[in-house]
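A.B. asks: Questions regarding the structure given below will be posed in turn.
The values are calculated or read from the model by the stated rules, or taken from the named source; none is laboratory data. Treat the numbers as computed from the prediction; the structure is a model and nothing was measured. For neighbour counting, all protein chains shown are included, and Cβ atoms are generated from backbone atoms with ideal geometry for every residue, glycine included. These accessible areas exclude ligands, DNA and RNA; they are computed on the full protein's heavy atoms, side chains included. Shrake-Rupley method; radii C 1.70, N 1.55, O 1.52, S 1.80 Å.
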Amino acid sequence: MSKFAVAGATGRLGRHVVDVLTKRGQHVVPMSRTTGVDIVTGEGLVEALAGVEVIIDVASWHGSEQEAATEFFRASARNLHEAGRQAGVARIAAVSIIGADKATAGFIAAKKVHEELLLAGPLPVRILRAAQFHEFVGQLLDWQRSDVVHLPALPTQLVACRTVAEELVDLALDRDAQGSPIPEIAGPRKEIMSDAARLLAARRGIEVVGIDGSGMPDAEIAAAGGFLPSPHAKLAGPTFSDWLDAQS
């Protein structure tokens, strides 16, 4: 049994990572501000990492602003490496976004910087790039808070958080995993974001209008399939509609 510290343990993905590790009999140290650990300021971090073999980093910024998200990831990457090195941590496993290497603007560009900073640190790092989560669709509807929501009709390959958590834990546990190419996890089929949102919106009594996405960061890259999984990606988990049915 290894000891794992999970950064962002109470978040949308972090809760699943903690649960998967626990069900596999691993010792888990949940790290979040609610547990007295702040990966941005470093408060409580060295103490939390005592005896930890692997850090799983699924902490994320709560908004889509590129500059704020970049600063968050810059601080978290620096602190996890520094505190991890002091504590004798063997490696870090982190989640990123499919297509991050192509991004030029917005939140995904911040994740590109996050990847670069993690890989440049003193500890060995393994990254798993994931497609947008099924759970993200509801967040898109919540952000607009309207009876008529305008969302981009852009291709995506939505994946369940649980599926991502299981794959990330597998990567973290594998002592012999290779880092090139960076592994990817996505859902079983390509979908259109506005069409997926329409399925959820119908249950909420909301109308979704598909738009071309112009004005959103890297819309042309997205329209050309730049954020879809590569040929080497693992495709797993339920489709969005199947996942949605399971939530009822």
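A.B. asks: Assign one of three labels to segment 1-43, namely rounded, prolate or oblate, based on the Cα gyration tensor with a ≥ b ≥ c the square roots of its eigenvalues; rounded applies when a/c is under 1.5, prolate when it is not and a/b is larger than b/c, and oblate otherwise.
C.D. replies: oblate
A.B. asks: For q = 0.23, 0.33, 0.34 Å⁻¹, what log10 I(q)/I(0) does segment 95-134 give under the Debye formula with an equal point scatterer on each alpha carbon and no solvent?
C.D. replies: Results for segment 95-134 at q = 0.23, 0.33, 0.34 Å⁻¹ read -0.72, -1.15, -1.18.
A.B. asks: List the residues, sorted by chain then number, that are 5 or more residues from ALA94 or on another chain and whose placed amide H is less than 5 Å from its amide H.
C.D. replies: Those qualifying (amide H under 5 Å, at least 5 residues apart or on another chain) are ASP57, ARG126, ILE127, LEU128.
A.B. asks: Report, in deg cm²/dmol and to the nearest 500, the calculated mean residue ellipticity at 222 nm for the chain, where each DSSP H run with n ≥ 4 adds -39500 (n - 2.57) and the sum is divided by the residue count.
C.D. replies: -12000 deg cm²/dmol, from helical runs alone.
A.B. asks: Here is a follow-up. I need the fraction of alpha carbon pairs in the chain separated by more than 27 Å, rounded to a whole percent.
C.D. replies: For the chain, the fraction of Cα-Cα distances above 27 Å is 34 percent.
A.B. asks: Would you mind checking which residues have amide H under 5 Å from VAL28's amide H? H placed 1.01 Å from N; only 5 or more apart, or other chain.
C.D. replies: For VAL28, whose amide H was placed from the backbone, the distant partners under 5 Å are PHE4.
A.B. asks: Quick one: with all protein chains in place, what share of the accessible area of the chain is carbon or sulfur, to the nearest percent (1.4 Å probe)?
C.D. replies: Percent of accessible area from carbon and sulfur atoms in the chain: 51.
A.B. asks: How big is the Kirkwood radius of segment 82-215, worked out from every pair of different alpha carbons and given in Å to one decimal?
C.D. replies: That comes to 16.6 Å for segment 82-215.
A.B. asks: Related question: Return the long-range amide H neighbours of GLU43 (sequence gap of 5 or more, or a different chain), with a cut-off of under 5 Å between placed amide H atoms.
C.D. replies: ASP38
A.B. asks: What does the charge count around LEU13 come to, taking other residues whose C-beta lies under 14 Å from its C-beta (Lys +1, Arg +1, Asp -1, Glu -1)?
C.D. replies: 0
A.B. asks: Okay, moving on. May I ask you to list the trypsin sites (Lys or Arg not before Pro) in segment 157-228 that are in a DSSP loop and have at most 13 other Cβ atoms within 10 Å of their Cβ?
C.D. replies: Sparse-neighbourhood loop trypsin sites (Lys or Arg not before Pro): ARG175, ARG189.
A.B. asks: Taking the Cα-to-Cβ direction at GLU47 and at ARG33 and moving 7 Å from each Cα, how far apart do the two end points lie in nm?
C.D. replies: That separation, rounded to one decimal, is 1.8 nm.
A.B. asks: Further question: Apply the Karplus parameterisation 6.51 cos²θ - 1.76 cosθ + 1.60, with θ equal to phi minus 60°, to every residue of segment 196-209 and state each ³J(HN,Hα) to the nearest whole Hz, in sequence, with x for glycine and proline.
C.D. replies: Whole-Hz 3J(HN,Hα) from phi for segment 196-209: 4, 4, 5, 5, 6, 4, 4, 6, 9, x, 10, 9, 10, 10.
A.B. asks: Here is a follow-up. Hey, what's the Cα Rg ratio for segment 1-136 versus the globular rule of thumb, 2.2 N^0.38 Å?
C.D. replies: Ratio of Rg to 2.2 N^0.38 Å for segment 1-136: 0.98.
A.B. asks: Given LYS23/LYS190; LYS3/LYS23; LYS190/LYS234; LYS3/LYS102, which pairs have Cα atoms separated by over 23 Å?
C.D. replies: Beyond 23 Å: LYS23/LYS190; LYS3/LYS102.
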